[in-house]
Amino acid sequence: MADKVNAVSLEDDYVGITAKAEKMQRRGRHDEAQTYFRAALKIKETEHGKDSVETVPDMNMLARALEEAIAFEGARPLYERSAAILEKAVMKKSNDAANIPALAATLNNLGLLLKKMGVYEDAFQKYSRSISLYEMAYGEDCSEIIVVLDNLAVCLQYLDRFPASEIACKRSVEIRKQYFGPAHPEVADALNWLAAAEIGCQNHESAEAHYWEALSIDVDYFGQTHENVARTLMNLGALQRSISKMPAAASSLKRAKVIWDQSESPVDKRHSQLLRRLAEVLCVGENDFQGAETCLKEAIKIDEALAEGTVTELPSMMCPDSLNAYGELLLRLERFTEAKETFQYMLKIISEFLGNMHPLVGCCLNNIGIAQSRLNDHDGAIVSFKDALEIRERELGHVSLDVGQTVMNLAGAFTGTGFYAEAEPLLLRAMDIHRKNNI
């Protein structure tokens, strides 16, 4: 196959090259897919010029291939170049009927990539521009806007802008009802997102009501044992746990687990997410730490299988959430050395795929620092907390609650080494951050 890939040239048939690229991409053979996509793009650039609108679809396909291979830094300039070409065409009012929706779609894809990279503010800007373009092309309540509204709402939640996320979610619900009717699974999906935003706004009563509404739609449409029912039960259980309705939370999550366990569908990331949430309820509500550890170990195995491609045939970055939850459980059980090793393993994974300045790296370093402090390695903890603080300030802003948490932890590490003069201003700063967040 390597000889065939190396032999790709402008003389090859464009349609054939594109078909080969897509075939390689479906099989998870990313390097070969990218070679074919580059050849297809080269053909279009030769025929129409490098800044031609005709090159955009192939540029976006290459960007998508790079994105699926977790080559985010390679994908980003391609999406940005596509957007720049289309912006220029829109400014010239050239074929607006095609170029405006194409630009909106490209900006949405760029926003999704930026969110994966942890560049949430930039992602928010791209989603906002995409929505305005779709409105320009099709009107304010067009169906094309639904997916972008969902992406925008999630991004706003990452930025702790829950009231704005709630507004976006409510709009998505209304548009879905208009197109699909009030009792459609699309509406249930949007209600789940809306409830998540309301939780961020501390409006738990409304959130719970919307989860029950979504659950009713799912059950009526699919029956009691469908995966969508398990999804909503999982979200409902997580909310019930957060408002200390522990028996109800355990019931919802265990019911969801029964559905997943009986499902014939391939294991996916939702299974590990459910196991993490059930583990939390077993810890807090039932003091069943052994059961929680069993759930989290199972979740980690699922995540590892998904990452290795043994489930989806598409190798990717291992989801770090189960490792993080397991590390936090180990901290709670005072198994500090195991906790540090778990977080270090997590750090290796996310740094390799996402770079050293991603917000998840900051989270991981913060937890490593906590484990080091519990092991009386205060000097090591100071280094970890400082590195975490640098990342969190840059990516999340100086008044983020996560920043406040790390500042407080750093103050504690300084106190542990007897550097009280260094600790005092940090404690004052942490208190100020909490005050600005109304805590």
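Data table
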quantity	calculated
Filter result (more than 19 Å from CYS283 (Cβ to Cβ) and open to solvent by less than 30 Å² (accessible area, probe 1.4 Å)) within segment 243-265	ILE259, TRP260
Residue match in segment 333-342 (condition: closer than 19 Å to LYS115 by Cα and part of a loop (DSSP other than H, G, I, E, B))	no
Residue match in segment 355-364 (condition: out of contact with any helix residue (DSSP H, G or I) (no Cβ under 7 Å at 6 or more places or on another chain) and surrounded by fewer than 16 Cβ atoms within 10 Å (Cβ to Cβ))	yes
Residues located in segment 143-188, provided they are at positive phi and either in contact with a Cys (Cβ under 7 Å, 6 or more places away or on another chain) or in contact (Cβ under 8 Å) with a residue 60 or more places away in the chain (or both)	ASP160
Candidate set: segment 271-289, residues that are touching a helix residue (DSSP H, G or I) at 6+ places or on another chain (Cβ under 9 Å) and without any contact (Cβ under 8 Å) to a residue 40 or more places away in the chain; chosen: the one surrounded by the fewest Cβ atoms within 10 Å (Cβ to Cβ)	ASP288
Failed item, numbered, when MET318 is tested on (1) more than 27 Å from LEU410 (Cα to Cα); (2) open to solvent by 20 Å² or more (accessible area, probe 1.4 Å); (3) in a loop (DSSP other than H, G, I, E, B)	(2)
Residue that is farthest from SER52 (Cα to Cα), among those in segment 68-79 that are open to solvent by less than 50 Å² (accessible area, probe 1.4 Å) and in a helix (DSSP H, G or I)	PHE72
Unique residue being more than 24 Å from GLU198 (Cα to Cα) and not charged (D, E, K, R) when the list is GLY285, GLY237, GLY291	GLY291
Residue that is farthest from the chain's Cα centre (by Cα), among those in segment 322-343 that are hydrophobic (A, V, I, L, M, F, W, C) and closer than 13 Å to LYS297 by Cβ	LEU330
ILE433 without any contact (Cβ under 8 Å) to a residue 60 or more places away in the chain and farther than 19 Å from MET318 by Cα	yes
Residue under evaluation ASP141, criteria (1) at pLDDT below 95; (2) in a helix (DSSP H, G or I), criterion not met	(2)
Filtered residues of segment 399-426 (kept if open to solvent by 70 Å² or more (accessible area, probe 1.4 Å) and closer than 24 Å to ASP379 by Cα)	GLN405, MET408, PHE419, TYR420, ALA421, GLU422, GLU424, PRO425
Unique residue being modelled with pLDDT of 95 or more and under 30 Å from LEU113 (Cβ atoms) when the list is LEU329, LEU365	LEU365
Residue match in segment 147-167 (condition: within 26 Å of ASN437 (Cα to Cα), of a type in the set (Lys, Arg) and over 15 Å from the mean Cα position of the chain (by Cα))	yes
In segment 323-351, the residues that are among the hydroxyl-bearing types (Ser, Thr, Tyr) and crowded, with 21+ Cβ neighbours inside 10 Å	TYR326, THR342
Filtered residues of segment 217-242 (kept if surrounded by fewer than 15 Cβ atoms within 10 Å (Cβ to Cβ) and more than 20 Å from LEU296 (Cβ to Cβ))	ASP220, PHE222, GLY223, GLN224, THR225
Options SER82, SER132, SER128; residue that is without any contact (Cβ under 8 Å) to a residue 24 or more places away in the chain and assigned to a helix (DSSP H, G or I)	SER132
Test: TYR36 is under 16 Å from ASN151 (Cβ atoms) and part of a helix (DSSP H, G or I)	no
Residue match in segment 34-55 (condition: among the polar types (S, T, N, Q) and closer than 22 Å to SER130 by Cα)	yes
Answer from ALA105, ALA98 - the residue that is farther than 30 Å from ASN203 by Cβ, out of contact with any strand residue (DSSP E or B) (no Cβ under 7 Å at 6 or more places or on another chain) and open to solvent by less than 40 Å² (accessible area, probe 1.4 Å)	ALA105
Wholly enclosed helices (runs of 4 or more DSSP H) of segment 156-266 bearing at least 3 residues over 23 Å from LYS116 (Cα atoms), among the aliphatic types (A, V, I, L, M) and out of contact with any Asp or Glu (no Cβ under 8 Å at 6 or more places or on another chain)	204-222, 227-242, 246-262
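Residue by residue, here is whether (1) under 21 Å from the mean Cα position of the chain (by Cα); (2) open to solvent by 30 Å² or more (accessible area, probe 1.4 Å); (3) farther than 22 Å from SER242 by Cα holds:
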| residue | (1), (2), (3) |
| --- | --- |
| ARG171 | no, yes, yes |
| GLY181 | no, no, yes |
| ALA188 | yes, no, no |
| LEU191 | yes, no, no |
| GLN202 | no, yes, no |
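The values are calculated or read from the model by the stated rules, or taken from the named source; none is laboratory data. Every value quoted in this text rests on a predicted model; they were computed, and no experiment measured them. Neighbour counts run over all protein chains shown; Cβ positions are idealised from the backbone, glycine included. Protein only, heavy atoms only, side chains kept; ligands, DNA and RNA dropped before computing areas. Shrake-Rupley method; radii C 1.70, N 1.55, O 1.52, S 1.80 Å.
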